[in-house]
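S.K.: Please see the structure below; I have some questions.
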Amino acid sequence: MKNIFKLSFILSLLMGLSYLQAHNLKQSVESEDRSFNNVQRDSYRHPFETLNFFGIKPEMTIVELSPGRGWYTEILATYMYDKGQLIAAAYDPSLGDYQRKSRERYESFLKGNSLYEKVKVVNLGSKLASDGTVDAVLTFRNLHNWLGESYPSIDAIFSQTYASLKSGGIFGVVEHRAEPGTSLEEMKESGYVTEKLAINLAKKIGFELVSSSEINSNPKDTKDHPKGVWTLPPTYTLKDKDKKKYEAIGESDRMTLLFKKP
C-alpha cells in the first residue's frame with residue numbers, strides 16, 4: 001500500500017512539473033504540436049530569442065497582427081494557453097477575395113488543434129481590444145504589406161495598436177530590412193522596409209524606441225533580388241530558377257525593434 005501511495009505521489013509531482021514546462025518558452029518552441037515545416041524555419045526566425053527579447057511572458061494579453069498561416073501562433077498559443085490571452089488580428093474577410101481566403105485558411109488552422117481554442121480572432125483594421133488592456137502587440141514580416149493605399153493603412157494599424165496597449169506596454173516588430181535610402185516605392189516593390197521608416201512611423205503615433213536587436217539579421221542577403229524578398233525562401237517566387245543560390249542565402253535580413261507606449 002505504501003508503494004502505491006509513493007507511486008501516486010511521484011506521478012503527481014511529474015504531472016506538476018509537466019504543467020510548469022507547458023508554460024516554459026523553450027518547451028513551447030520545441031513543442032511536438034508544431035508542424036515540421038514550421039520548425040525548419042526556426043534557424044532563420046529565432047523564435048525563442050525573439051520572444052525573449054520582446055519580454056513576452058505567459059500571463060500576458062498579447063495581440064498578434066496579421067498572423068498569416070499561424071507560424072508564431074503555434075508557439076504563442078501553447079505558451080499562453082492557461083495563464084494568458086492571445087488575440088489574433090487577421091484579415092477582414094469582407095475586404096476582398098484574398099482577405100477572405102486568408103482568413104478562412106487561418107481559422108481552419110485554429111480549428112485543427114484544441115491548443116488554439118482560446119485564441120480570440122478580430123479583424124485587422126478594427127478595434128483590437130478595449131483601450132489600455134493589452135500587454136504586448138507583435139507583428140512579424142508585415143509592415144511592407146501595409147505601405148500601400150489599401151485599407152487598413154499602416155497609420156491606422158499602429159494607432160489601434162497604441163490605443164489597445166497599457167501604459168508601458170510593448171510593440172515588437174520584425175520586418176525585412178531595406179538598405180538606408182531606399183525609396184518608398186522600392187520598399188513597396190521589394191518587400192524590404194528601412195529601419196528609419198519603421199521607427200519614424202511608430203514614433204509618429206507616440207511610441208518610444210526601447211531597443212533593437214540583430215537576432216534576425218542575415219548578412220548574406222544582398223536585397224537586390226529580381227522578385228524582391230519573395231525570391232528567397234520560403235516563397236521561392238522564381239521556383240527552380242537559381243533555387244540553390246537563394247537557398248544558400250536563406251531567409252531575408254530582418255530588423256527586430258522593440259517599442260513601448262509611455
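The values are calculated or read from the model by the stated rules, or taken from the named source; none is laboratory data. All figures in this text were calculated on a predicted structure; none of them were measured in a lab. Here Cβ is always computed from backbone atoms with ideal geometry, including for glycine, and neighbour counts include all displayed protein chains. Please note that ligands, DNA and RNA were not included when accessible areas were found on the heavy atoms of the full protein model with its side chains. Shrake-Rupley method; radii C 1.70, N 1.55, O 1.52, S 1.80 Å.
S.K.: Does Leu20 satisfy the criteria of being open to solvent by 50 Å² or more (accessible area, probe 1.4 Å) and either under 23 Å from Asp82 (Cα atoms) or modelled with pLDDT of 95 or more (or both)? Give the derivation first.
M.R.: Values: open to solvent by 50 Å² or more (accessible area, probe 1.4 Å): yes; either under 23 Å from Asp82 (Cα atoms) or modelled with pLDDT of 95 or more (or both): yes.
Here the answer is yes, as Leu20 does meet what is asked.
S.K.: What's the number of the only condition in (1) out of contact with any Lys or Arg (no Cβ under 7 Å at 6 or more places or on another chain); (2) among the β-branched types (Val, Ile, Thr); (3) in contact (Cβ under 8 Å) with a residue 60 or more places away in the chain that Val174 fails to meet?
M.R.: (1)
S.K.: Also, quick follow-up: Filter the range 205-262 down to residues that are open to solvent by 40 Å² or more (accessible area, probe 1.4 Å) and of a type in the set (Asp, Glu) and give me whichever is nearest to Pro180 (Cα to Cα).
M.R.: So the residue we want is Asp224.
S.K.: Another question, then. Is it true that some residue in the range 159-179 is crowded, with 18+ Cβ neighbours inside 10 Å, hydroxyl-bearing (Ser, Thr, Tyr) and out of contact with any Ser or Thr (no Cβ under 9 Å at 6 or more places or on another chain)?
M.R.: Yes, the conditions are met somewhere in the range 159-179.
S.K.: Which pairs turn up if I take residues in the range 153-168 that are hydrophobic (A, V, I, L, M, F, W, C) and look for partners that are open to solvent by 50 Å² or more (accessible area, probe 1.4 Å) with beta carbon separation below 7 Å, at least 6 apart in sequence or on another chain?
M.R.: From residues that are hydrophobic (A, V, I, L, M, F, W, C), the pairs are Ala163/Asp131.
S.K.: OK, next. Quick check on my filter: what residues within the range 217-253 are of a type in the set (Lys, Arg) and either within 18 Å of His46 (Cα to Cα) or touching a residue at least 60 places away in the same chain (Cβ under 8 Å) (or both)?
M.R.: Lys220
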